[in-house]
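Structure first, then comments.
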Ligand code: ADP
Ligand code: MG
């Protein structure tokens, strides 16, 4: 019984990096760093050695090889050597008759771990490497101890032949597969969310084509008139002015579109929220028109400064407005309106629509990853937007009634 308890405890320590990864990186838009592996493995090794069980005074066993191997595999050489030093110092401090054996075993398993981890990165069938590691980390200590302390091995034969291999093999297998699974999920999520940022704006592009075509037609008409030479100079000049203005506007829309549709940087800066919204409303108006939705916004007369990443801010505004337009597209007198409310320290932004609305159940699922009620939806728009708002220390609240409409209220701290 004591054996099972010890194995379970050691397995728990072995899984420390995996558990902490899922806690710490859960809501972050980055994947793990080597520093993270270094820190968690150091902690795991310390815990596993501190609470290591012992059958005979001076000889302890724990999941050290598992942790060191995992550390090298995901954290690189530096992590490996740090763990090696930690192990040597701590093991010397603990002392006892098994110290020398522990050093000998380590002198074999450490280079083996280096070798196996470099093989692992290139191997196609990675589970073979995991299996070999698990078996060697159990066999090598048994062989070394059998040579130096045959009595010890023979007295605790079942334990050494059963418990040791189980906790080493199971530990390695669990830690590596679970960790890998989480990391792959995260990678998938990161690509999805990156695509989604661009995807939302790509869907808007179709309606933008119209927006670009209108001024082109106007300019073309003017040019033809001027060519025909039937206009007086005054009129010609006015037409040229209008044409220049139209071309400028088109150029602006296109460059805004291009700036939003590129992947984000992470830096934040002072930005004027009013200008941001004006740009996004201009960009989204063709999309609203195409869906027979009127898009209205009222702005304060002075700038409202916040600290944010400008591209991220625009992308999340696109998401909210796009959702509102899509929700009200089928409604008679469909309307999306945007309003500012300024307080002392915060600014509130309301995005209201008179669309299909949501019931309690739908509301509770808002912002969860992949939640979408649309046939072509991705369910990532709000996930990204909620995260972005939180990263600016903002909050978000929703009020909605089925078939009557929705209000999203975003509250952001003023700069
Ligand atoms: P997608 O738009 O790809 O479905 P989102 O994350 O942008 O993904 O939105 C998730 C879901 O939230 C939508 O599918 C929709 O059901 C709901 N939703 C979001 N905004 C609104 C809104 N303004 N009115 C009604 N439902 C909404
Ligand atoms: Mg959406």
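The values are calculated or read from the model by the stated rules, or taken from the named source; none is laboratory data. Computed from a predicted structure; not experimentally measured. Positions of Cβ are backbone-derived with ideal geometry, glycine not excepted, and every protein chain shown enters the neighbour counts.
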Residues of the stretch 285-296 satisfying the condition of being in contact with a helix residue (DSSP H, G or I) (Cβ under 8 Å, 6 or more places away or on another chain) and either part of a loop (DSSP other than H, G, I, E, B) or modelled with pLDDT of 95 or more (or both): 291, 293, 294, 295
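Report, by residue number, each residue of the stretch 1-57 that is in a helix (DSSP H, G or I) and out of contact with any helix residue (DSSP H, G or I) (no Cβ under 8 Å at 6 or more places or on another chain).
2, 4, 5, 8, 9, 12, 19, 23, 35, 39, 50
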Long-range neighbours under 9 Å by Cβ, at least six apart or interchain, first residue touching a residue at least 12 places away in the same chain (Cβ under 8 Å) within the stretch 373-402, second in a strand (DSSP E or B) and near ligand 1 (Cβ under 8 Å from one of its atoms): 396/408; 397/408; 398/406; 398/408; 400/406; 400/408
Positions within the stretch 374-391 being more than 12 Å from ligand 1 (Cβ to nearest atom) and touching a helix residue (DSSP H, G or I) at 6+ places or on another chain (Cβ under 8 Å), in sequence order: 388, 389
Verdict on residue 21 being within 18 Å of residue 73 (Cα to Cα) and under 18 Å from the mean Cα position of the chain (by Cα): yes
Single residue of 361, 350 found to be more than 26 Å from residue 267 (Cβ to Cβ), more than 10 Å from ligand 1 (Cβ to nearest atom) and either in contact with a strand residue (DSSP E or B) (Cβ under 6 Å, 6 or more places away or on another chain) or part of a loop (DSSP other than H, G, I, E, B) (or both): 350
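Yes or no, residue by residue, for (1) within 16 Å of ligand 1 (Cβ to nearest atom); (2) more than 21 Å from residue 357 (Cα to Cα); (3) more than 30 Å from the chain's Cα centre (by Cα):
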{"residue": "280", "(1), (2), (3)": "yes, yes, no"}
{"residue": "283", "(1), (2), (3)": "no, yes, no"}
{"residue": "290", "(1), (2), (3)": "no, no, yes"}
{"residue": "294", "(1), (2), (3)": "yes, no, yes"}
{"residue": "301", "(1), (2), (3)": "no, yes, yes"}
{"residue": "306", "(1), (2), (3)": "no, yes, no"}
{"residue": "310", "(1), (2), (3)": "no, yes, no"}
{"residue": "316", "(1), (2), (3)": "yes, no, no"}
{"residue": "323", "(1), (2), (3)": "yes, no, no"}
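Test of understanding: among 88, 100, 108, which residue is at pLDDT below 95, in contact with a helix residue (DSSP H, G or I) (Cβ under 8 Å, 6 or more places away or on another chain), part of a helix (DSSP H, G or I) and under 26 Å from residue 151 (Cα atoms)?
It is 100.
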Filter pass, residue 404 being under 24 Å from residue 288 (Cβ atoms) and either modelled with pLDDT of 90 or more or within 10 Å of ligand 1 (Cβ to nearest atom) (or both): yes
Residues satisfying the stated conditions in the stretch 359-371, i.e. within 13 Å of ligand 2 (Cβ to nearest atom) and more than 18 Å from residue 191 (Cα to Cα): 366
Test for residue 385: is it farther than 15 Å from residue 328 by Cα, part of a loop (DSSP other than H, G, I, E, B) and within 16 Å of ligand 2 (Cβ to nearest atom): no
Matching residues, the stretch 372-381, being within 8 Å of ligand 2 (Cβ to nearest atom) and over 18 Å from residue 191 (Cβ atoms): 374
